[in-house]
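Undergrad: My questions will all concern the structure given below.
Read-outs throughout are calculated quantities, based only on the coordinates presented, and are distinct from any laboratory measurement. Fair warning: this is a prediction, and the values are worked out from it, not measured in the lab. Positions of Cβ are backbone-derived with ideal geometry, glycine not excepted, and every protein chain shown enters the neighbour counts.
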Amino acid sequence: MRWDYFVKHYADSHQAAQDSKMVLDADGSGDDATIAKGIKIAADRGADVINMSLGELPVISQIDSGSLDPAIDYAWSKGSLVVASAGNETFPLCDSPAWSTHAVCVAATDSRGLPSYYSNFPNNQSMNGFRAPGGVGSVFCEDDEDIWSTMWPGSDYDCQGSGALNGYDTLAGTSMAAPFVSGVAALMAGQGLTNQQILDKLKATSSNHGAYDPVYGYGIVNADAATR
């Protein structure tokens, strides 16, 4: 399983940094068992929101979800909301762990609010599927059509050359979309809402206003409406 990001919201940021070392190797990859352990640690430490921009291919994940489903169920029982990226294989399914019953599956839109061509999407109403900005997948560096992010200066992903912004670049994918939803969920958690209340309010205030469709799921998350 490939890891792009694994963001955990802890009250103790120093401990979070120490714990994160348990789920990532030097290449940014991790196995299911280690990821599951990280989910449980985050939940035990009181994480309100656990963002997981990672995934396994949809067909594989539907057959073998390994130990991730129980870990996500455990996190839910502890009051955490797990938000995960849908995947970038243009499948009408969410990757694992986004397809789990107690996970939020986030697909991507472009800057016009249209579905991004690469994005998987939650075509099953039983999934907690939403969309959020993920970019178009531009072939150009530092393209405003994609999502601006900090970038380790000098890395292979940081554009170099005249006029390039050192330490910043644009990225695209459902890994970029999921953190938008996690951020909105964290704001609602800060208002004292439970994980179930956060999920219900995300559905009610999305662009579909509580309705579901097989392309947008419950719609594009609206931060202003969700936190109002």
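Undergrad: Taking Cα centroids, how far is the range 183-211 from the range 69-136 in Å?
TA: 15 Å
Undergrad: Going by C-beta contacts inside 10 Å, put Ser100, Ser138 in order with the fewest on the left.
TA: Ser138, Ser100
Undergrad: Here is a follow-up. Shape verdict for the chain, please, from the Cα gyration tensor: rounded (a/c under 1.5), prolate (a/b greater than b/c) or oblate.
TA: Rounded, because the longest to shortest axis ratio a/c is under 1.5.
Undergrad: Farthest toward the dipole's positive end in the chain, which of Ser29, Gly217, Ser155, given Cβ charges of +1 (Lys, Arg) and -1 (Asp, Glu) about the Cα centre?
TA: Final value for the positive-end residue is Gly217.
Undergrad: Taking every DSSP beta bridge with both residues inside the chain, roughly what % is antiparallel (nearest 5)?
TA: Restricted to the chain, the bridges split so that about 50 percent are antiparallel.
Undergrad: Suppose every Lys and Arg Cβ carries +1 and every Asp and Glu Cβ carries -1, with no other charges. What dipole size does the chain come out with about its Cα centre, to the nearest 20 debye?
TA: About 860 debye.
Undergrad: While we're on this one: PRE reach from Ser155 (point 7 Å along Cα→Cβ): which of the range 169-206 fall under 18 Å by backbone N?
TA: 169-180
Undergrad: Figure the gain on full extension for Asn166 and Asp27 (residue separation times 0.36 nm, minus the Cα-Cα span) and round it to one decimal in nm.
TA: Extending this stretch completely gives an extra 47.9 nm.
Undergrad: So for Val221, Val215, Val83, Val139, fewest C-beta neighbours within 10 Å to most, what's the order?
TA: Taking fewest neighbouring Cβ atoms as first place, the list is Val139, Val215, Val221, Val83.
Undergrad: Can I ask one more? Do you know the Lys pair count in the chain for C-alpha distances under 18 Å, with sequence separation 8 or more or different chains?
TA: 8
Undergrad: Within 10 Å, count the other beta carbons around each residue, average over each peptide in 189-198, 30-39, 44-53, and list them highest first.
TA: By packing density, highest mean first, the sequence is 44-53, 30-39, 189-198.
Undergrad: For a quick check of your reading of the filter: which chymotrypsin sites (Phe, Trp or Tyr not before Pro) in the range 63-150 sit in a DSSP loop and have no more than 14 other Cβ atoms within 10 Å?
TA: Those that pass, being in a loop and sparsely packed, are Tyr117, Phe140.
Undergrad: Would you list Ser206, Ser162, Ser155 from fewest to most Cβ contacts within 10 Å?
TA: Going from sparsest to densest Cβ surroundings: Ser162, Ser155, Ser206.
Undergrad: Another question, then. Compute the length gained on full extension between Ala211 and Ala223: take 0.36 nm times their separation in residues and subtract their Cα-Cα distance, giving the result in nm to one decimal.
TA: Extra length from Ala211 to Ala223 when fully extended: 2.6 nm.
Undergrad: Another question about this same structure. Counting only DSSP beta bridges with both residues in the range 37-132, tell me the antiparallel percent, nearest 5.
TA: In the range 37-132, DSSP labels about 15 percent of beta bridges as antiparallel.
Undergrad: Would you tally the net charge around Ala204, using a Cβ to Cβ cut-off of less than 14 Å, leaving Ala204 out, and scoring K and R as +1, D and E as -1?
TA: Counting the neighbours of Ala204, the net charge comes to +1.
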